[in-house]
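Input: a single structure, listed below in structure tokens.
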Amino acid sequence: MIEAKGLKKEFIRPVKASGNKDSEPDGKKNDGLRLGKKTKESFLAVNNISFNAKEGEILGILGPNGAGKTTLLRMLGNLMTPTEGEVNIFDHEGNLITDPVQKKMKTGYLSNNTALYGRLSPREMFLLFGELYGISKEDCENRAKEIFEILEMEKFCDQRIEKLSTGQRQRASISRCLIHNPEIYIFDEPTLGLDILSSETIINFMKQEKERGKTVLYSTHYMEEAQYLCDRILMIYEGRKVAFGTPEFLMELTETNNLRDTFKALIKDLTAYEETEDEKLNPERTVSVNSDNREKSNAEASEIELQSQKNTENTENTAEEGQS
Amino acid sequence: MKRTPVLTLYKKEIMDLLRDKKTIIIMILIPIFLYPAMMLGSLLVMQGIMKESESREYKIAMVQSDVSDKIFAILTDDTDKYEYKFQAVPYTDEEKAREDLKEKKVDLVLVSGDYTTSDSLTKSDKIKEMYNTDDLFKVKCYNLSSNTSSSSAYSYVAEILKAYSGKLRKEAFDKLFDDSEGVLSPVDISVESISTSEQNAGSLIGMILPFILIISILTGAIYPAIDATAGERERGTLETIMTLPVKKSDIMISKFMSVSTIAVFSAFLNLLSMFAMTLYMYKTFDMQNLGFRDFDFKLFIPAFLSLLICLPVFSMFSSAVSLCVCIFAKSFKEANNITSPILIIFMFAAMASVLPNVELSHATAFIPVTNISLLIKSVFSLDYDYHLMLIVLLSNLVYCILLVIIMSTLFSSEEVLFGEGVNGVHLFENYANQKRGQIPSFGDLIFLYVALLLIMVFTSSMLVLKWGLWGSISVQVIILVIPLLYAIYLRCDVKELYSLHLPKITELLGAVFLWVGGFLTNQILINALAKLIPSMVENSDSLNSTIFEAGFVPALIIVGICPAIAEEAAFRGFLFGTLKHRTKIWIAIVVSAAAFGLYHMNFLQFFTGLYMGCFMAYMVYKSRSIATSALFHLLNNSISVIVTFHPELVENIPILGEANPGIGGNIIMFVIGLLLLAAGLLLFGTFKKKA
């Protein structure tokens, strides 16, 4: 099980100088001022996001471009350290895993930024990475055979990766995530730019893994795919959680009958949302986590979670968390 | 059994690098083919030019006169002796001949005159008696000295005519004296070089070899370094590798190892191909003329052996430098841009071997790159100073370790990993973009301290030479002001960064105890070190003599007080103040102390600086007040000044005042030192349990 508690990530981004255009015609007068003009500012790419994903569940993370999906997934995959908040990963017995290396052993992370070593073949890469995951050579070879069969990779698994096609590469990437048989998959737009057949292989694979009791976190822009595949959906916009629940619940909430319209409806509502809660984008604040804050974010999380009251299991779960 | 991830990562890196055609070309083809081809080619061209100038036919414009035919006969008389040939081109008009010389139609113009007819040739009767007047003549040559063939034509002609003149003189003197040789040369000058042909050859090799080796090793390291950092970022595998369950430092160490391996390999190939080249040239060309007779190659075996040790170390250093730099680049192109200044700096530093009078010493042994260059020079001059070699190797290893620590830390930084080539140096940002109260980054530290080092190297000796004592003070001012201005520009919280808080009385007392304890124990350690490596001590005594000559008060100000402010601000203020926020505290303490030690540019003081620097940084960390370490520094330096001027003050102190305290005395001193250290640490609350 994976759980996010009050995740925040602060970045610095370039800012287009606004208002200066008006003063520019005045000429040299403003040179002194322009020296002091700000061209960068800090902002929260992910702002106070909490949720959890259970075993045997596919959780879709949706949001427009620049919503903070990749940053959120990077933090979940332990590639980035949150500015505030924490990511908790539990094993089957419900024990919290704290060692960062062990956390990575439990997760398989895939994004369109995780390219493969072009000068190696998928098999070589598989064996090398297997060694890093601490798998013995024999086991690794057997596993390679098994996985290459599932993903239909036998034909090209000894070619150099730089010579493979996009679909073949994506399958090789997925095989990379499977080496260590992780319990949690984190896929960032895995079907982006793939043809129907290739993306079907990947979708089928996710369904299979779900049935085997794995947790799949996955982000996408394809609404139909998400509606069909996801058990629950986390909708984010400008770094903040907008809605969280089953696709049916979200559609009901917005009185729409497909996820595409739900998405549009939710984003439309956000202008109002923004006006009320804008004070959180304050870059001057300190970046320390104190216990008060955590409690607050916890409370907030359960509050929003309660929105999806239809999912009774879910509410039970949050109650349990509170006790533990 | 699970293998360490570093080895697996190393395997992966090497596999990845070796499958890149460009790496192979740079690593193998260049050393094996390009350098020998270049050397052989230039040699052949040189030889061709030499041969051509010797054997070609020179056109001599003979302006006709009574003697011109005779002169030409003299020039062509001894054709067996000289390879060059002359062709006479008769001219009647001197002006015409000179015009043709300008247009390079002829190589030389000879205007000659008969002895008897020429007015200017009025010689005394005595001369007429001595020589046969028919033999005598006067020649004026015109040449085009900017033109090689014209000037060599002149030198050949002059050579022959001088020989002719000498022959005549000898004949004339033989008639007059029995011992004409003695009369002709009353003062006999002769020279004989006692340096062996090996030494001659060695000093030549020692001048050229370091430069070529250093540059080829660096180019051998830069390419794989770019590929392993910027290349990985560009190909997008950086994020992949971070999904693996390995520490970031392991990744960086494996990268360092693989790049070093390739650099070392290419260094050996370079060395081998150069060696083969030299042997080939020795065998093929006639080296007898160049003083290579009875050449004993065995003498150079130790030189080659020491090269075998030095080159891997230097390759590691080059790899670490290139990795550290390339890690900031987001693409191949950017990495290439950043590395070119490194190449230029290395080239300049390597030039040291070519400069006359620059030799490996206790100071130069600490300068990276230059020290290797000078080391190679010295071993090939068959001059082996094993202590200096040890310093060179150790200092290079220390730099390597520091650089690996720096790059592991850089590699852990998300700014560097995910950033769009984020600049680690805040100085390049607008002032308005500086975040109030920020902590300087590693980029800032490296930038600032490298700049400071360069400023010190280039200006300090100049300032001291020009303004003497005021120069010394201004050097201290530079050390104080530049980091301070940097911190102000970055809008750092100067009070916090420099630990400008009031200390407690107990902490000041603790500083005194720590100093006495540190001083005593350091003394013993230094003595032990000096026993092990005696040559270290010689150099350090005469260091501050010029300042001490100025008298007690100036010495006290310059040596005692100024460093206690300026050096503390630079090392315990800016450097340690930054490091303590950026790394683990013990790393911050040791790194700031090591930098402080290196700053002294002297082997003994390096150890003292490192040892004492650790205490000073620790005190600042514990008390949050730089006053403690300033007091420590003040005590240390001013007491040494006082003792230099008034040695009688310590003479009466038991053990410490004795020139040779013996083992027992040393042990007592050490124990007292340790006790005082413990007391000092107690006052700083080291042994208090955390609340």
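³J(HN,Hα) across segment A:167-178 via Karplus (A = 6.51, B = -1.76, C = 1.60, θ = phi - 60°), whole Hz, x for Gly/Pro?
For segment A:167-178, the Karplus curve yields x, 4, 5, 5, 5, 4, 4, 5, 4, 4, 6, 8 Hz.
Given the rule -39500 (n - 2.57) for each run of at least 4 DSSP H residues, summed and divided by the residues of chain B, what is its mean residue ellipticity at 222 nm, to the nearest 500 deg cm²/dmol?
Numbers: 32 runs with 444 residues, N = 691.
Taking each H run of at least 4 residues, the total per residue is -20500 deg cm²/dmol.
Taking amide hydrogens as modeled 1.01 Å from N in the peptide plane, which residues meet the under 5 Å criterion relative to B:Tyr58, leaving out close sequence neighbours?
Amide H neighbours of B:Tyr58: B:Lys85, B:Phe86, B:Gln87.
What ³J(HN,Hα) values, in whole Hz, does the Karplus curve 6.51 cos²θ - 1.76 cosθ + 1.60 give for segment B:320-329 when θ = phi - 60°, with x put for Gly and Pro?
Working through the residues one at a time gives 5, 4, 5, 5, 4, 7, 5, 4, 7, 7 Hz.
Taking amide H positions as placed in the peptide plane 1.01 Å from N, state which residues far from A:Ala243 in sequence (5 or more) or on other chains have amide H under 5 Å from it.
Amide H to amide H, under 5 Å and 5 or more residues apart or across chains, A:Ala243 pairs with A:Met235.
Please list 3J(HN,Hα) in residue order for segment B:236-242, calculated via the Karplus relation 6.51 cos²θ - 1.76 cosθ + 1.60 where θ = phi - 60°; whole Hz, with x for glycine and proline.
Working through the residues one at a time gives x, 8, 5, 5, 4, 5, 7 Hz.
With the dipole of segment B:56-180 worked out from charges on the C-beta (+1 for Lys and Arg, -1 for Asp and Glu) around the Cα centre, which of B:Met62, B:Val89, B:Leu108 lies farthest toward the positive end?
B:Leu108
May I ask for the longest run of chain B untouched by trypsin sites (Lys or Arg not before Pro) that are loop-located per DSSP and have at most 13 neighbouring C-beta atoms (other than their own) within 10 Å? Let's see the in-between values first.
Working: sites that count: B:Lys2, B:Arg3, B:Lys81, B:Lys104, B:Lys105, B:Lys123, B:Arg293, B:Arg436, B:Lys584, B:Lys688, B:Lys689, B:Lys690.
With trypsin sites (Lys or Arg not before Pro) excluded where exposed in loops, chain B gives B:124-292 as its longest stretch.
Averaged over peptide B:231-243, how many Cβ atoms belonging to another chain are found within 10 Å of each residue's Cβ?
Values: counts 0, 2, 0, 1, 6, 7, 6, 4, 11, 13, 4, 8, 16.
For peptide B:231-243, the averaged partner shielding equals 6.
Go through segment B:148-188 and name the chymotrypsin sites (Phe, Trp or Tyr not before Pro) that are in a DSSP coil and have 15 or fewer other Cβ atoms within 10 Å of their Cβ.
Values: sites: B:Tyr154, B:Tyr156, B:Tyr164, B:Phe173, B:Phe177; in loops: B:Phe177.
Qualifying residues, ordered by number: B:Phe177.
Treating only the Cβ of Lys, Arg, Asp and Glu as charged (+1, +1, -1, -1), what charge dipole size does segment B:56-180 show about its Cα centre? Round to the nearest 20 debye.
On the way: 20 positive and 25 negative charges, 75 e Å.
Rounded to the nearest 20 debye, it is 360 debye.
For chain B, which span is the longest to avoid every loop-located (per DSSP) member of GluC sites (Glu not before Pro) having at most 15 other Cβ atoms inside 10 Å?
On the way: sites that count: B:Glu83, B:Glu103, B:Glu192, B:Glu420, B:Glu429, B:Glu658.
Between exposed loop sites, the widest span is B:430-657.
Find, among the trypsin sites (Lys or Arg not before Pro) in segment A:67-169, those assigned to loop by DSSP (not H, G, I, E, B) with at most 16 other beta-carbon atoms within 10 angstrom. Mind showing how you got there, number by number?
Working: sites: A:Lys69, A:Arg74, A:Lys103, A:Lys104, A:Lys106, A:Arg119, A:Arg123, A:Lys137, A:Arg143, A:Lys145, A:Lys155, A:Arg160, A:Lys163, A:Arg169; in loops: A:Arg119, A:Lys155, A:Arg160.
Passing both the DSSP loop test and the Cβ count: A:Lys155, A:Arg160.
Quick check: the distance between the Cα centres of segment B:211-287 and segment B:546-612, to the nearest angstrom?
35
Between B:Ala530 and B:Ser180, what length in nm is gained on full extension when 0.36 nm per residue of separation is reduced by their alpha carbon distance?
Working: separation 350, 0.36 × 350 = 126.00 nm, distance 6.44 nm.
Result: 119.6 nm gained on full extension.
Name the long-range amide H neighbours of A:Leu217: under 5 Å, sequence gap of 5 or more, or other chain; modelled H, no Pro or chain starts.
A:Leu59, A:Tyr185, A:Ile186, A:Phe187
Once Rh is set to the Kirkwood radius over Cα pairs, what Stokes-Einstein translational diffusion coefficient, in µm²/s, holds for segment B:1-90 at a temperature of 4 °C and a viscosity of 1.567 mPa s?
Details: Rh = 19.1 Å.
So the translational diffusion coefficient is about 68 µm²/s.
If the limit is 25 Å between Cα atoms, which of A:Lys69/A:Lys214; A:Lys106/A:Lys155; B:Lys12/B:Lys248; B:Lys435/B:Lys504 go over it? Intermediate values should be presented prior to the final figure.
Values: A:Lys69/A:Lys214 21 Å; A:Lys106/A:Lys155 29 Å; B:Lys12/B:Lys248 15 Å; B:Lys435/B:Lys504 32 Å.
Listed pairs above 25 Å: A:Lys106/A:Lys155; B:Lys435/B:Lys504.
Give the residue from B:Gln476, B:Pro440, B:Leu29 lying farthest towards the positive end of the charge dipole for chain B; charges sit on Cβ (+1 for Lys and Arg, -1 for Asp and Glu) and the dipole is referred to the Cα centre.
Going by the Cα projections, it comes out as B:Pro440.
Any read-out appearing in this document is the output of simple, stated calculations on the displayed coordinates, not a laboratory observation. All figures in this text were calculated on a predicted structure; none of them were measured in a lab. Glycine gets a Cβ as well: all are built from the backbone with ideal geometry, and neighbour counts include every protein chain shown.
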